[in-house]
């Protein structure tokens, strides 16, 4: 059978203040069409962008789930992500099972599989290591919790079935992207929440969500295929560099394939001199794209911004000539604007206190960023 794997829909997200929900609705139509050739759909977390989603985002999710489960009779397996309000997402979960929608909101839900044909799918939501460790009686780290949970699952799993784990977490060796804010904050404090790939040994396929870049992780000594499907749409300019896809896992062959998602909007970056940008704009047939423009030979002012805005009406980010920072290093406005929050915090402390933030301060910052992601 074929399993369609996607994740990180982030329904309701905005890009530089532009609501993307109209475009996400178009993607939902693409997902329904792609699922026609699948026997089941896994969505590995972050259905919504905030824990208290807007009415429009909830309506979009309801329509998508209805089209897949009720109209097309395709089972959909969902695990809550760190952006989702797990309890809200999983409300009426027992009732929804009769319609073919299986939602794991609580950590304990991970130990009851969804059986579809020759396949058992275990769905593990994003968890707090301390709370999850109390359930399992293990050390309160993400790695130990996942190891203990996987061991408990596989002890009772049917070895004659294809056993799949869907989870929302940060696997060791995976690469985070520009819009992976909480993951990048975690990296800055040592990556304590990373889970070694060995924790997944024993499963046939591990369908992951959390990181926005599509990537397959594997170890030579293991037969387990670990895969991040990535976001189905680009949610930052950094994500425009790689194609957006849906992943298909074939339980018979153990192979994965990708279906490219036609994008309802395009992100582009232009970095050049003022005169070159003006000259190129005259021939540019795609000036309606969402744009990030850097002028390399002029400082940015309101007048220059408005001029560029007339040429590119969907200009979202605009920066200009380099300036010299207080430490004597030359930093472009583009680089300063795109620095992640941890780097900015380190530079701020260095310039105003004369030292870098300590480990406790970085931990508090990571926790604050995660809280902002979860609760808006």
Show the residue pairs that are 6+ apart or on different chains and have beta-carbon atoms under 6 Å apart, the first residue being within segment 239-255 and assigned by TED's automatic domain parsing to the domain that holds residue 223 and modelled with pLDDT under 90, the second being surrounded by 18 or more Cβ atoms within 10 Å (Cβ to Cβ) and in a strand (DSSP E or B). 240/267
Looking at residue 271, is it without any contact (Cβ under 8 Å) to a residue 24 or more places away in the chain and not assigned by TED's automatic domain parsing to the domain that holds residue 17? no
Might you let me know whether segment 321-328 holds any residue that is within 23 Å of the chain's Cα centre (by Cα), without any contact (Cβ under 8 Å) to a residue 12 or more places away in the chain and part of a strand (DSSP E or B)? no
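For segment 223-257, which residues satisfy the criterion of being assigned to a loop (DSSP other than H, G, I, E, B), touching a strand residue (DSSP E or B) at 6+ places or on another chain (Cβ under 9 Å), loosely packed, with under 15 Cβ neighbours inside 10 Å and at negative phi? First the steps, then the outcome.
Looking only at segment 223-257, we keep the residues that are assigned to a loop (DSSP other than H, G, I, E, B), and these are 223-224, 229-236, 242-244, 251-254.
Within this subset, residues satisfying the condition of being touching a strand residue (DSSP E or B) at 6+ places or on another chain (Cβ under 9 Å) are 223-224, 229-232, 234-236, 243-244, 251-252, 254.
With the extra rule that they be loosely packed, with under 15 Cβ neighbours inside 10 Å, the set shrinks to 223, 243, 252, 254.
Those that are assigned to a loop (DSSP other than H, G, I, E, B), touching a strand residue (DSSP E or B) at 6+ places or on another chain (Cβ under 9 Å), loosely packed, with under 15 Cβ neighbours inside 10 Å and at negative phi: 223, 243, 252.
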Residues that are in contact with a helix residue (DSSP H, G or I) (Cβ under 7 Å, 6 or more places away or on another chain) and crowded, with 18+ Cβ neighbours inside 10 Å, at least 1 per element: which strands (runs of 3 or more DSSP E) completely within segment 63-142 meet that? 76-79, 101-104, 119-124
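Out of curiosity, is residue 147 within 14 Å of residue 195 (Cβ to Cβ), at pLDDT 95 or above, surrounded by 15 or more Cβ atoms within 10 Å (Cβ to Cβ) and out of contact with any strand residue (DSSP E or B) (no Cβ under 7 Å at 6 or more places or on another chain)?
Numbers: within 14 Å of residue 195 (Cβ to Cβ): yes; at pLDDT 95 or above: yes; surrounded by 15 or more Cβ atoms within 10 Å (Cβ to Cβ): yes; out of contact with any strand residue (DSSP E or B) (no Cβ under 7 Å at 6 or more places or on another chain): yes.
Here the answer is yes, as residue 147 does meet what is asked.
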Within segment 16-32, does at least one residue satisfy the condition of being touching a helix residue (DSSP H, G or I) at 6+ places or on another chain (Cβ under 6 Å), buried (at least 21 other Cβ atoms within 10 Å of the Cβ), at pLDDT 95 or above and in the same structural domain as residue 206 (by TED's automatic domain parsing)? no
Kindly provide the set of residues from segment 258-282 that are under 30 Å from residue 245 (Cβ atoms) and part of a strand (DSSP E or B), ordered by number. 258, 259, 260, 267, 268, 269, 270, 271
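The values are calculated or read from the model by the stated rules, or taken from the named source; none is laboratory data. In this text the structure is predicted, and so the values were computed from the model without any measurement. Neighbour counts run over all protein chains shown; Cβ positions are idealised from the backbone, glycine included.
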